[in-house]
Structures are given as C-alpha cells and as structure tokens.
Amino acid sequence: MTHRYRFISTHRATYGVQRMCRVLNIRRQGYYEWLEAAPARAERRRAEDDLAAEITEIHTAHKQAYGSKRVTVELHRRGRRVNRKKVERIMRERGVVGWTRRRRRSLTKQNVAAPPAPDLIGRDFTAAAPGERFVGDITYLPTEEGWLYLATVIDLHNREVAGHAMAAHMRTDLISAAIDLAVRRGLTKQNAIFHSDRGSQYTSADFRRKLKACKLRASMGRTGSCFDNAAAESFFATLKTEIGTKVWPTRHAARRAVFEYLTYYNRHRLHSTNGYRTPVETRIGYRQDHALAA
C-alpha cells in the first residue's frame, strides 16, 4: 500500500488525488492519514539511523567481533533501551556481522616419561572467587621472523588473563614467566589450582618447582582432549578471531598487537560468563561486595 501512496504523492499535481484513489481502489481518507503521519515516519527513520550508527561504532570498537547480543548489552550499558530483535534486524539489514571462530591446532606434545598431575578441575571451569582456580595453555602467532608463542594464565572466576608471556620459543621458561606475572599482580591465592594439558612444558620438573614456589597446585587434563582444557582453548579461539589471523612483519609488532588485545579483553570486552561484564569489572565487583559484607 505504501508504494501506492507514494505514487499518488508524486503525481497528484498532474492527475489529482481523487481520480488516482478511484483508479487505484484506495480510500482517499487513508491516503491523507498516511500523509499526516509522514513527519513521524521521518523521525523514526532518523532515530533508527542514529541507532544504526551507534551499533556500527560499537561493532567497530570491539574489532567487528560482537554479535547482536553483546551489542544490545553494550547499548543498555550506555542507557539505550532497545531490544535484541531490533538490534539483530538493523545489523542484518546493514550488513554488520560478527566474526566466527576458527579451530585452533594443538601444540601439545606429551612427555610420556613424566607423570601427569591429577585432574583437579574435572571440566568444571568455574570458581567461587577470584584467584582460586586457573587454566593455562600456549598458542602461536605467525610473523615474517617466525612464530611468536603466547602463554596465558586465566582466572576461572572472571575469565581474566591474570598472567601472560610471549617469546620466540615455547620452553618451560615461557609458561613460568606467565605464572610469575599473575603472582606479581597479586591475582593468585595460596594453594590455588593451575590446570593445563599434559604438554612437556607443563609436566617438566622445572615447572613443578615453579608452581610449588608460587604455592600453586598442578592439575592436568588428558592428552589430546580439548574438552579437558576448554576454557583455555576458548580464549585462544576468541583471541585469534578478534585479533585477526594475519602474518605480522616482526615479532615485536605481533607482541604489541597481543598486548593491546589483552588490555582490551580484560578491561573492555563484555564476557558472557560474567553476565556480560568485563573480567576486571567482575573481579573488582566481587572484592567490593565482600568488603561491604565484612
């Protein structure tokens, strides 16, 4: 019907409204009601264009990774009262699409001579409080100078990357440096669990001594089972999707990109596990809540 009303508006000076309404079998009163509502329709279009611009800005700021749900949550945090279906429609109509994850190749190489630690996690990737249960893993990033390896220590309470380290090798020193950073930042509690796969770096005597010195307990999943260390695997899938899978010209450039991403991830990226709060917000909120309760 709308296109008929528009046709009448375009040609009414030539043919007259009454004649065209009769020929097109349209009520003349209906046409005038549509004409009266034109300013309101224009205002709705302007409001939707403004909303679409804000959605695009959020999507761009978050590395084109947010889907409609996270975009809606961010809009709510900004005071925008809008439902997810509307956001989803606008994103679809305007071609604003989030990235999808790619499967990551495992770097796990087990040392069969080294006895593994028991599995203290049992695929329960939750923690009642910050600093009590962690997962860790190693991934690699391609550069023109060769691989850059990244080791992480992730808190299962809020999914914060509590510690990380990067190097041109994947020896035990790499994962030890990631643990050291988490400890120096004061993000680990005494007797906390650190869970990993059974890679040779994690089963080494040097790393066992490192965990003991840091008052952490080792935990390990089975070899070749991504589900036993799914939280660590999930983080690397997210990182590689959102940071991009390009080849950096130098390890220094890749290192800088990873550091910027980790800052963004911990402080700005909304995480579904945290009820769509950032990892740092969740940790600070927990401490504030328990300080008030005390």
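What follows is calculated from the coordinates using simple rules that are stated; it is not laboratory data. This structure is a prediction, so every number in the text was calculated from the model and none was measured. Methodologically, a virtual Cβ is constructed for each residue, glycine included, from the backbone with ideal geometry; neighbour enumeration extends over all protein chains shown.
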inquiry  = Rounded, prolate or oblate, given the Cα gyration tensor of the stretch 142-262, with a/c below 1.5 counting as rounded?
reply    = prolate
task = Using only Cα positions of the stretch 109-197, each an equal point scatterer, no hydration layer, compute I(q)/I(0) via Debye at q = 0.22, 0.24, 0.26 Å⁻¹ and quote the log10 values to two decimals.
result = -1.10, -1.21, -1.30
task = Compute the FRET efficiency between Glu48 and His268 as 1/(1 + (r/R0)^6), taking r as their Cβ-Cβ distance and R0 = 41 Å, and round to the nearest 0.05.
result = 0.95
query = Nearest 0.05, what FRET efficiency do Ala205 and Asn83 give at R0 = 45 Å with Cβ-Cβ as r?
reply = 0.20
request  = Inverting the mean 1/r over all pairs of different Cα atoms, compute the Kirkwood radius of the stretch 1-106 and quote it in Å.
outcome  = 16.9
task = Using a cut-off of under 15 Å, list every residue of the stretch 17-46 whose amide N is near the label point 7 Å from the Cα of His11 along the Cα-to-beta-carbon line.
result = 17-26
message = Let me confirm the definition first: pairs of Lys residues in the chain, 8 or more apart or on different chains, C-alpha distance under 24 Å. How many are there?
response = 13
key: Label-point gap, in nm, between Asp180 and His252 - each point 7 angstrom along Cα→Cβ   = 2.2
message = Once you place label points 7 Å from the Cα toward the Cβ at Val280 and Arg171, how far apart are they in nm?
response = 3.3
query = Sorted by average packing, counted as other Cβ atoms within 10 angstrom per residue and highest first, what order do 213-222, 133-142 take?
reply = 133-142, 213-222
message = Suppose we take every Cα in the stretch 199-294 and form the convex hull; what volume per residue is that in Å³?
response = 175
